[in-house]
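The values are calculated or read from the model by the stated rules, or taken from the named source; none is laboratory data. For clarity, every value in this text was computed on a predicted model and none was experimentally measured. Note that we place each Cβ from the backbone using ideal geometry, even for glycine, and neighbour counts take in every protein chain shown. Each accessible area value is taken on the protein alone, full model and side chains, heavy atoms only, with ligands, DNA and RNA left out. Shrake-Rupley method; radii C 1.70, N 1.55, O 1.52, S 1.80 Å.
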Number of protein chains: 2
Amino acid sequence: MSRALSSSFLSLCLVVGFTTAYWRFPSHQVVSLSSYDYETAYFTQPIDHFGFDSQIGEFKQRYLVSREYWEHGKPIFFYAGNEGDITWFCNNTGFMWDIAPEFNAMLIFAEHRYYGKSLPFGSDSYLTSANLQYLTSEQALADFAVLIEQIKLMPGAENSSVVAFGGSYGGMLAAWLRMKYPNVVVGAIAASAPIWQFGNLTPCDSFNRIASQDYRTTPGGEMCFENIRDLWSTLNDTANQEHGMTILSSIFDQCSPVSDVNVFVDWFTAIFGYMAVVNYPYPASFLEPLPAWPVSVACSYLNESRLHGEDLLRAIRSVVNLYFNYTGELKCFNASSQGTSSLGDKIWAYQACTEQILPVCSKYETSMFPPSQWDPVSEVERCEKKWNVTVRPNWMFTLFGGKDIRSHSNIVFSNGNLDPWSGGGVLTNLSDTLTAIVMENVAHHLDLRASNPADPQTVIDARNVEKEHIRMWIKG
Amino acid sequence: MSRALSSSFLSLCLVVGFTTAYWRFPSHQVVSLSSYDYETAYFTQPIDHFGFDSQIGEFKQRYLVSREYWEHGKPIFFYAGNEGDITWFCNNTGFMWDIAPEFNAMLIFAEHRYYGKSLPFGSDSYLTSANLQYLTSEQALADFAVLIEQIKLMPGAENSSVVAFGGSYGGMLAAWLRMKYPNVVVGAIAASAPIWQFGNLTPCDSFNRIASQDYRTTPGGEMCFENIRDLWSTLNDTANQEHGMTILSSIFDQCSPVSDVNVFVDWFTAIFGYMAVVNYPYPASFLEPLPAWPVSVACSYLNESRLHGEDLLRAIRSVVNLYFNYTGELKCFNASSQGTSSLGDKIWAYQACTEQILPVCSKYETSMFPPSQWDPVSEVERCEKKWNVTVRPNWMFTLFGGKDIRSHSNIVFSNGNLDPWSGGGVLTNLSDTLTAIVMENVAHHLDLRASNPADPQTVIDARNVEKEHIRMWIKG
């Protein structure tokens, strides 16, 4: 895998890259997630909403329901599932659970087709380009709209207003659901939704620039930043030594030897990027169990002096241990399976090669990551060859309007300024009903997580603004 | 064909039924249409906008362009082609040509996929349910949106506002284009667009009630109405006589004998319905060459006294001659090919069996047409069997919002009160930017036709209101 691909790989994994990393370690014991009480249900959907051929067939979409706090006529809060198992999003979206009682709201968490247990062709879903043909955001949005209309047939729900929620790609889906089906949802809370990460709407170095900035602004961060920026040449220098790859495999405690230095480059690129994404103010296990402010903790190994050679590599080893082994149970690591084998990741890669092509690059001046350029032409070529698809790069602009979304209404776009994805988000109000919230000192959709004593005031304020908007949108 | 199907057939042919009748008579000389000066162009579209499988392929969409009046930066008026050859709509939408000079507008008339020369699979386009799979309004809207975005890349067009126009099903498409792609068109003139003709939104007898009313309100119209309402039993009585079908075939100058009386029932049902649709105040050849106020002319054969038996049939024979042979060149008629063989009709029937299921029925009290009921269950059964499709009757409501369209903006819905389709239209303002115009004494989208000295004041006023809205929508 080349450098450019490494960067683009990072760009392609909004969040699920984390789960990938998590799934890679089956022996890993999870720090207990807060688990909520819900029913699991399945709804029969057409595999193709946009055609009628009876040979295409149907599939079962999974969704989770809680009516614990619901009263007839009161609203329905609907989570637009993103690229992963819906139970995971459900358990990590405590905001909906926290506010359900005061709104007497029903909660629905709907799984995105082709993920989790919502597989249009069962275990054959990823087998051919023909089977993958129905994996698009439009189909997923249609699933959501049709499911909501069905749920509204439930006694007492006929007059219930439906509010969409989502984070990351799910936040984009929530916003797009309101934009395309305003008759179905009265508004959307789109948390950390980089809807402008496409094409030239946002500079391609935005993700890596913001992530780097997160490291740079920790205590002693300038040193941390410089040390990490040195890592890539140190890796290459070591790899070029005699037995260099054996040395690296040993330093980084690999379960089996790694023969390509780029595997390490990709691995560290992902780890540093992901850690910036989930740089939360309290210990959390959104993806990996991590301490509070993991970026600062990572920098604590790297901020005392300029490190070189094996000293630098051993400090990085501590970061790896922090990221993957905070609970201290792993005996070895496995960098070589990074982002190649696991399910959710593979399938997001298809979306990232068709519709969700999110440019990413890295500039030496502003980034600690390996410098890389964004080459849309070669990326499209790679994608078309890999997936037997014909890419239409302008389609997402035509479909969702690019920056021209002012004629829509009732969407709150929230972003944390620490979140590397925030660069592609909506950061200023577009109209009275398209509202932007920027949260200082906040990472990726922290506002969607359950309330926590360590939450900064900005996220508490943001949740209050979100609730205000929901109150304006709903009837009764 | 049963009575119910006859009625539903009528309901299924918004306008193209006329062209069917026209195509049925290849020897028929057309009264010269006003013909405008345009270029013909083709644009390569993906056959499937909602998937990326490279095996699906592309096709050429035809569109017509006039830049005669256009200045750089000035608007683009875009006709959303409906169910037929686009040149025909182009030549019958004189309003766009009339106002192009004062707006310095470019004109585009885009053909709907699967009609005219825009055939996704060439001559095989209608061969299988798999080939017909991509014939939906969503795909057609995507064609329009993608084509517009392409046209806006033309030098001088980058900042041009695009206004959608359409009549009948084309009017629905124009409205939906604004609703689904507000980033692509700044507004829509939706003329005679029965977007509420679906499901229970409008009583199913609306079309036949309004059409009947058109006959009833002509001079002597009550007699005309009664005579036509007697026709159906007279036809049956005659058919039940010895050699009854021979007698009917002879009275109605059939080129070849007709053996099933229902063929005549369907034929007359269509003729009377269609004549109400194009009941224009001046001679026109929108579909068939007809005199001014054809409904009144038709009633002139039927409004002097109650007619019975052969007298009634011979009076009806005069109406047939009026409708199909106004120019006096036909030697015989051909009722038996009604709505079964010709291209546009067959293909509209597919749309009418999947998405565009428009309920129609006829009640004795309010209608001169054969009484019929609307049975959605048997209609869906018939459709599924005929086309190998799975019908999802609620989908159009989810997709386009049913009556819940208030969150959209910048659409003018115009309807003539004589138009049988007006019952399914938007007849009152829904908001400041969703405007309804009801034109007294006006039939199907007369406002879209070229200005004519015989135009009633209401249509002149309507066009002025439409122009005012366009001025508000466009930039510069």
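Within segment A:386-406, being open to solvent by 20 Å² or more (accessible area, probe 1.4 Å) and over 30 Å from A:Ala130 (Cβ atoms) holds for A:Lys403, A:Asp404, A:Arg406.
Okay, residues lined up against (1) in contact with a Leu (Cβ under 6 Å, 6 or more places away or on another chain); (2) under 29 Å from B:Ile56 (Cβ atoms):
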{"position": "A:His72", "(1), (2)": "no, no"}
{"position": "A:Ala80", "(1), (2)": "yes, yes"}
{"position": "A:Leu119", "(1), (2)": "no, yes"}
{"position": "A:Asn131", "(1), (2)": "no, yes"}
{"position": "A:Ser161", "(1), (2)": "no, no"}
{"position": "A:Phe165", "(1), (2)": "no, no"}
{"position": "A:Ser168", "(1), (2)": "yes, no"}
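The number of residues in segment B:407-422 that are touching a Gly at 6+ places or on another chain (Cβ under 9 Å) and open to solvent by 20 Å² or more (accessible area, probe 1.4 Å) comes to 4.
Return yes or no: is A:Gly424 at positive phi and among the small types (Gly, Ala, Ser)? Outline the logic, then answer.
Numbers: at positive phi: no; among the small types (Gly, Ala, Ser): yes.
No: the conditions fail for A:Gly424.
Has segment A:91-104 got at least one residue that is more than 11 Å from every other protein chain (Cβ to nearest Cβ), part of a helix (DSSP H, G or I) and modelled with pLDDT under 95? Quick ask: steps written out before the conclusion?
So in segment A:91-104, the residues more than 11 Å from every other protein chain (Cβ to nearest Cβ) come out as A:91-104.
Going one step further and asking which of them are part of a helix (DSSP H, G or I), we end up with A:91, A:94-103.
Among the residues that remain, those that are also modelled with pLDDT under 95 are: A:91.
Within segment A:91-104, one or more residues are more than 11 Å from every other protein chain (Cβ to nearest Cβ), part of a helix (DSSP H, G or I) and modelled with pLDDT under 95.
For A:Ser256, the conditions (1) open to solvent by 40 Å² or more (accessible area, probe 1.4 Å); (2) closer than 30 Å to A:Asp455 by Cβ; (3) at pLDDT below 95; (4) not acidic (Asp, Glu) all hold with the exception of (2).
Suppose we filter segment A:321-333 for residues that are of a type in the set (A, V, I, L, M) and assigned to a loop (DSSP other than H, G, I, E, B); how many remain?
In the first step, residues of segment A:321-333 are kept if they are of a type in the set (A, V, I, L, M); the result is A:322, A:330.
Retained after the next criterion (residues that are assigned to a loop (DSSP other than H, G, I, E, B)): A:330.
Total meeting the criteria: 1.
So how many residues does segment A:142-164 have that are in contact with a Phe, Trp or Tyr (Cβ under 6 Å, 6 or more places away or on another chain) and within 30 Å of A:Val391 (Cβ to Cβ)? Total meeting the criteria: 3.
Which members of segment A:81-92 meet the condition of being under 22 Å from A:Val186 (Cβ atoms) and over 13 Å from the mean Cα position of the chain (by Cα)? Don't jump to the end; show me each part of the working.
In the first step, residues of segment A:81-92 are kept if they are under 22 Å from A:Val186 (Cβ atoms); the result is A:81-82, A:89-90.
Within segment A:81-92, A:Cys90 is the sole residue that qualifies.
When A:Ser285, A:Ser318, A:Ser305, A:Ser336 are checked against the criterion of being farther than 25 Å from A:Ser250 by Cβ, away from chain B (no Cβ under 14 Å) and of a type in the set (Ser, Thr, Tyr), A:Ser285 stands alone in meeting it.
To keep it simple, each residue is scored yes or no on (1) touching a Phe, Trp or Tyr at 6+ places or on another chain (Cβ under 6 Å); (2) assigned to a strand (DSSP E or B); (3) among the aliphatic types (A, V, I, L, M).
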residue: A:Lys346; (1), (2), (3): no, no, no
residue: A:Gln356; (1), (2), (3): no, no, no
residue: A:Met368; (1), (2), (3): yes, no, yes
residue: A:Trp374; (1), (2), (3): no, no, no
residue: A:Arg406; (1), (2), (3): no, no, no
residue: A:Phe413; (1), (2), (3): no, yes, no
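Pick out the one residue from A:Pro359, A:Pro376 that is away from every other protein chain (no Cβ under 11 Å), in contact (Cβ under 8 Å) with a residue 12 or more places away in the chain and under 18 Å from the mean Cα position of the chain (by Cα).
Selected residue: A:Pro359, the only one of A:Pro359, A:Pro376 that is away from every other protein chain (no Cβ under 11 Å), in contact (Cβ under 8 Å) with a residue 12 or more places away in the chain and under 18 Å from the mean Cα position of the chain (by Cα).
Check whether at least one residue in segment A:202-209 is of a type in the set (D, E, K, R) and either closer than 16 Å to A:His445 by Cα or in a strand (DSSP E or B) (or both), and report yes or no. No, every residue in segment A:202-209 fails to be of a type in the set (D, E, K, R) and either closer than 16 Å to A:His445 by Cα or in a strand (DSSP E or B) (or both). Taking segment A:170-206 on its own, how many of its residues are under 13 Å from A:Gly423 (Cα atoms) and aromatic (Phe, Trp, Tyr)? Of the residues in that region, 2 qualify.
Being hydrophobic (A, V, I, L, M, F, W, C) and within 11 Å of chain B (Cβ to nearest Cβ) narrows it down to one residue among A:Ile405, A:Ile411, A:Ile347; which is it? Spell out how you get there, then give the answer.
On the way: A:Ile411 fails: within 11 Å of chain B (Cβ to nearest Cβ); A:Ile347 fails: within 11 Å of chain B (Cβ to nearest Cβ).
Every option except A:Ile405 fails the conditions.
Selection within segment A:379-399: residues that are part of a loop (DSSP other than H, G, I, E, B), out of contact with any His (no Cβ under 9 Å at 6 or more places or on another chain) and closer than 18 Å to B:Gly57 by Cβ. The member of this set that is farthest from the other protein chains (Cβ to nearest Cβ) is A:Val391.
For B:Thr246, state whether it is polar (S, T, N, Q), over 28 Å from B:Asn279 (Cα atoms) and crowded, with 20+ Cβ neighbours inside 10 Å.
no
Each residue in segment B:259-271 was checked for being over 26 Å from the mean Cα position of the chain (by Cα) and either open to solvent by less than 10 Å² (accessible area, probe 1.4 Å) or more than 25 Å from B:Ala298 (Cβ to Cβ) (or both), and 1 of them qualify.
Just one residue in the set A:Leu141, A:Leu177, A:Leu147, A:Leu153 is free of Cβ contacts under 8 Å to residues at least 12 places away in the same chain, within 12 Å of chain B (Cβ to nearest Cβ), under 25 Å from A:Glu39 (Cβ atoms) and not in a strand (DSSP E or B); that residue is A:Leu153.
Taking the conditions (1) farther than 29 Å from B:Arg463 by Cβ; (2) buried (at least 24 other Cβ atoms within 10 Å of the Cβ) in turn, B:Cys90 satisfies each one other than (1). It is to be established whether one or more residues within segment B:205-221 are closer than 15 Å to B:Pro371 by Cβ and more than 19 Å from the chain's Cα centre (by Cα). Within segment B:205-221 (the criterion being closer than 15 Å to B:Pro371 by Cβ and more than 19 Å from the chain's Cα centre (by Cα)), the answer is no, since none of the residues qualifies. With respect to (1) part of a helix (DSSP H, G or I); (2) touching a residue at least 12 places away in the same chain (Cβ under 8 Å); (3) surrounded by 19 or more Cβ atoms within 10 Å (Cβ to Cβ), the lone exception for A:Thr218 is condition (1).
Applying the criterion of being in contact (Cβ under 8 Å) with a residue 60 or more places away in the chain and surrounded by 24 or more Cβ atoms within 10 Å (Cβ to Cβ) to the residues of segment B:114-132, the residue that is farthest from B:Cys90 (Cα to Cα) is B:Leu132.
Can you tell which of A:Trp267, A:Trp196 is touching a helix residue (DSSP H, G or I) at 6+ places or on another chain (Cβ under 8 Å) and over 21 Å from A:Asp311 (Cα atoms)? Answer to the selection: A:Trp196. Exactly one residue out of A:Leu141, A:Leu173, A:Leu132, A:Leu147 is closer than 22 Å to A:Ala105 by Cα, over 20 Å from the mean Cα position of the chain (by Cα), modelled with pLDDT of 95 or more and among the hydrophobic types (A, V, I, L, M, F, W, C): that is A:Leu147. Taking the residues in segment A:423-446 that are open to solvent by less than 10 Å² (accessible area, probe 1.4 Å) and away from chain B (no Cβ under 14 Å) as candidates, determine which candidate is nearest to the chain's Cα centre (by Cα). Restricting to residues being open to solvent by less than 10 Å² (accessible area, probe 1.4 Å) and away from chain B (no Cβ under 14 Å), the top hit is A:His444.
Residue check: B:Phe59 meets all listed conditions (1) surrounded by fewer than 24 Cβ atoms within 10 Å (Cβ to Cβ); (2) outside any loop (DSSP other than H, G, I, E, B); (3) more than 14 Å from chain A (Cβ to nearest Cβ); (4) not polar (S, T, N, Q) but one, namely (3).
The one condition from (1) more than 14 Å from chain B (Cβ to nearest Cβ); (2) assigned to a strand (DSSP E or B); (3) open to solvent by 10 Å² or more (accessible area, probe 1.4 Å) that A:Phe43 does not meet is (1).
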